[in-house]
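Here is the structure we will look at, set down as structure tokens.
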Protein chains: 2
Amino acid sequence: MPELRKDPIIGRWIIIATERGKRPSDFIIDQSKAKGGFCPLCPGNENTTPPEVLAYSDNQQRLKNQPGWSLRVVPNKYPALVIEGDLNKQGEGLYDRMNGIGAHEVLIETPDHAETFTYLPPERMVQVFWAYRDRLVDLGKDERFRYVMIFKNFGAAAGASLEHSHSQLVALPILPRMITSELEGSLSYYRYKERCVFCDIIHQELEQDIRVVTKNDKFLAIVPFAPRSPFEMWILPRKHSSSYCNSDNETFRALTEIFSECLRRLDKCLPDVPYNFVLHAAPLRSPALEHYHWHFEITPKLTMIAGFEWGSGFYINPVAPEEAARFLREAEID
Amino acid sequence: MPELRKDPIIGRWIIIATERGKRPSDFIIDQSKAKGGFCPLCPGNENTTPPEVLAYSDNQQRLKNQPGWSLRVVPNKYPALVIEGDLNKQGEGLYDRMNGIGAHEVLIETPDHAETFTYLPPERMVQVFWAYRDRLVDLGKDERFRYVMIFKNFGAAAGASLEHSHSQLVALPILPRMITSELEGSLSYYRYKERCVFCDIIHQELEQDIRVVTKNDKFLAIVPFAPRSPFEMWILPRKHSSSYCNSDNETFRALTEIFSECLRRLDKCLPDVPYNFVLHAAPLRSPALEHYHWHFEITPKLTMIAGFEWGSGFYINPVAPEEAARFLREAEID
């Protein structure tokens, strides 16, 4: 059973998902496995994944776990957390731990092995954003879970172990530190100013117009003022909302348009650069929050740059955000 | 001029150290440059580095910036921060920034290009720990600086751009988030318990004896209860102290003994694994703190594991700390 453990000093929860009986050298994972060979996510191989929890299909007659889907969500075959059981929270002296209860799912974004998220046809990308919402709503019904991390790893260096385009969802019984820090920081700003810090950022970025990558009626894409990594981008809804799940189809169409444009611009600047993106949204079953604002953060993984920073939490970024935004804006895309 | 910028939501400071006029693809740094070729850190090449700020030598007649040193500290030729100038703190709407004033130094740990820190003779490693102290004391006299990050990158994947064994020192006009989180967390524990959380950890780890890697009279080395990375180790002084600089020669000898043993055990388990270590200590000119406890954190960089985690601040560790500690304890070292 995996386990959740809390650092007693800074309060960060981590998952211990052990594979027992291994030797230390087994933990050095081969980067090359992301390429080639048999693909369990391709149509026709549905029986090699755990049974699907969601699928979209144009064919109303399609049987479960058969080809014919346009998007498919399955439990991760090697989950970091398990769905069955009680949390059984307990102390061990001054330490805190609980059972590693949660869900870990793989969202297969397209049946086509060769398609990347960046160049996904719009109707497919809209489905991805709908599927995030459907899974958030469904997983939110389980009272054991407090947050669902939704993220994508693209490229082996960014942690992708399969080439076929997919996102991951991890339902957690705790709030990850990334979210608690943002909730606390934005709440303290709200108490002082009685305004949402993200709304203020949107306002200032539109006015200054030096870190804007692109925008449309509903969204703004910027390189943030103090990014950890070169070419980091945030995509924010222009209208205040803490909940991703309240979005409608028009919103997801506008999100698709801007997300796709941002990734195509990134790909022009840094072809095939590995990246991660993460959805930041209010905790499950949270009421509407005046101080928090959902958004996506896209962080390209440039070789070497993350070496020291990862160990220390201290970041040196060699590219000015205004410069990165200019490169991205000026990239010629079709 | 480099710049320090603060994230307006979570308060994290980052350094923007731009190299202007570059194209995006220039920011993909070649990992191979850490190996081979001319070495500016070797004896005889003293004129290729900026003039030294500290050197140890057995030869009292040695001239500055000449061979004959056993340890040498020089300003970084490509510094992330610059030493000359005023902070000039200013706002830009809701954002905060200041000039990138600071020091960035390279501590050359040995004249011998082939020696690694792990296998450094004890008398050399003791010098390294003294040199950290000497530089902390000296840089602490500059009232502009609030903290000195002292760290080592070993191996290209951990961010080392030079093969010759060296540490880095970065004097900062702000407190890095890594330290503010620990100061705040340990203070809140102290307010509740009136005890140092690190002292409590030491007490519990010695009693439980399942995550101890090794110990001596003055230090304890553990795999922490909730580590971000497999085989992460912390080395803590057993006697409470928030200031690294108050250590005496006996302490540094004991630190050398345990540090060297930990790294040799790590090298046996995972030969040549890249790693970072970082000194965590109270801010410069801080009075003695009852709630804070200086220590080193050693984080091996296992391929791939840091991919997603880096983007999200959310960690999945595939090795139980008790298992990692057992592997490290059982490694046969000379």
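The values are calculated or read from the model by the stated rules, or taken from the named source; none is laboratory data. Just so it is clear, the model here is predicted, and its values are computed rather than measured. Glycine gets a Cβ as well: all are built from the backbone with ideal geometry, and neighbour counts include every protein chain shown. Ligands, DNA and RNA are excluded from the accessible area calculation, which covers all protein heavy atoms including side chains. Shrake-Rupley method; radii C 1.70, N 1.55, O 1.52, S 1.80 Å.
State whether one or more residues within segment A:176-198 are assigned by TED's automatic domain parsing to the domain that holds A:E322 and closer than 28 Å to A:E330 by Cβ. Looking through segment A:176-198, at least one residue is assigned by TED's automatic domain parsing to the domain that holds A:E322 and closer than 28 Å to A:E330 by Cβ.
Residue by residue through segment B:76-119, note down the ones that are acidic (D, E), over 27 Å from A:P224 (Cα atoms) and open to solvent by 30 Å² or more (accessible area, probe 1.4 Å).
Keep residues of segment B:76-119 that are acidic (D, E), which gives B:84, B:86, B:92, B:96, B:105, B:109, B:112, B:115.
Filter once more, keeping what is over 27 Å from A:P224 (Cα atoms): B:84, B:105, B:109, B:112, B:115.
Residues satisfying the conditions are B:E84, B:D112, B:E115.
Identify the residue in segment A:167-178 that is open to solvent by less than 20 Å² (accessible area, probe 1.4 Å) and under 15 Å from the mean Cα position of the chain (by Cα) and, among all such residues, is farthest from A:I9 (Cα to Cα). Per the stated criteria, the residue is A:S167.
Could you tell me which of the residues B:L236, B:L206 is open to solvent by less than 10 Å² (accessible area, probe 1.4 Å) and either under 20 Å from the mean Cα position of the chain (by Cα) or of a type outside the set (D, E, K, R) (or both)? Break it down stepwise before answering.
Numbers: B:L206 fails: open to solvent by less than 10 Å² (accessible area, probe 1.4 Å).
Among B:L236, B:L206, only B:L236 is open to solvent by less than 10 Å² (accessible area, probe 1.4 Å) and either under 20 Å from the mean Cα position of the chain (by Cα) or of a type outside the set (D, E, K, R) (or both).
Taking the numbered list (1) within 12 Å of chain B (Cβ to nearest Cβ); (2) out of contact with any Cys (no Cβ under 8 Å at 6 or more places or on another chain); (3) at pLDDT 95 or above; (4) under 25 Å from B:I16 (Cβ atoms) in turn, A:Y315 passes all entries but (3).
Counting only strands (runs of 3 or more DSSP E) that fall entirely inside segment A:46-119 and contain at least 1 residues that are within 14 Å of chain B (Cβ to nearest Cβ), in contact with an Asp or Glu (Cβ under 7 Å, 6 or more places away or on another chain) and more than 27 Å from A:D272 (Cβ to Cβ), the qualifying elements are A:95-99. Applying the set (1) under 29 Å from A:G85 (Cβ atoms); (2) without any contact (Cβ under 8 Å) to a residue 60 or more places away in the chain to A:G159 leaves exactly one unmet item: (2).
Kindly indicate which of B:A282, B:A288 is under 17 Å from the mean Cα position of the chain (by Cα), farther than 24 Å from A:L302 by Cβ and modelled with pLDDT of 95 or more.
Values: B:A288 fails: under 17 Å from the mean Cα position of the chain (by Cα).
Within the list B:A282, B:A288, the selection yields B:A282.
Filtering segment A:120-138 for residues that are surrounded by fewer than 18 Cβ atoms within 10 Å (Cβ to Cβ), within 14 Å of chain B (Cβ to nearest Cβ) and not in a strand (DSSP E or B) leaves an empty set. Being away from chain A (no Cβ under 11 Å), of a type in the set (G, A, S), surrounded by fewer than 22 Cβ atoms within 10 Å (Cβ to Cβ) and more than 30 Å from A:R23 (Cβ to Cβ) is the requirement here; does B:S181 meet it? Here the answer is no, as B:S181 does not meet what is asked.
Residue check: B:H164 meets all listed conditions (1) open to solvent by less than 20 Å² (accessible area, probe 1.4 Å); (2) part of a helix (DSSP H, G or I); (3) more than 13 Å from every other protein chain (Cβ to nearest Cβ) but one, namely (2). A single entry from A:E182, A:E232 fulfils the requirement of being touching a His at 6+ places or on another chain (Cβ under 7 Å), closer than 30 Å to B:M178 by Cα and of a type in the set (D, E, K, R): A:E182.
In the set B:H280, B:H291, only one residue is open to solvent by 10 Å² or more (accessible area, probe 1.4 Å) and over 25 Å from A:T18 (Cβ atoms); that residue is B:H291.
For segment A:56-75, filtering for residues that are open to solvent by 30 Å² or more (accessible area, probe 1.4 Å) and touching a residue at least 12 places away in the same chain (Cβ under 8 Å) leaves 9. Is segment A:248-266 home to any residue that is facing chain B (nearest Cβ under 10 Å), buried (at least 18 other Cβ atoms within 10 Å of the Cβ) and within 21 Å of B:R12 (Cβ to Cβ)? No.
Filtering B:L94, B:L87, B:L107 for residues that are under 17 Å from the mean Cα position of the chain (by Cα) and either in the same structural domain as B:L41 (by TED's automatic domain parsing) or farther than 30 Å from A:K193 by Cα (or both) leaves a single hit, B:L107.
Take the conditions (1) touching a strand residue (DSSP E or B) at 6+ places or on another chain (Cβ under 8 Å); (2) under 30 Å from B:I9 (Cα atoms); B:L94 misses just one of them, which is (1).
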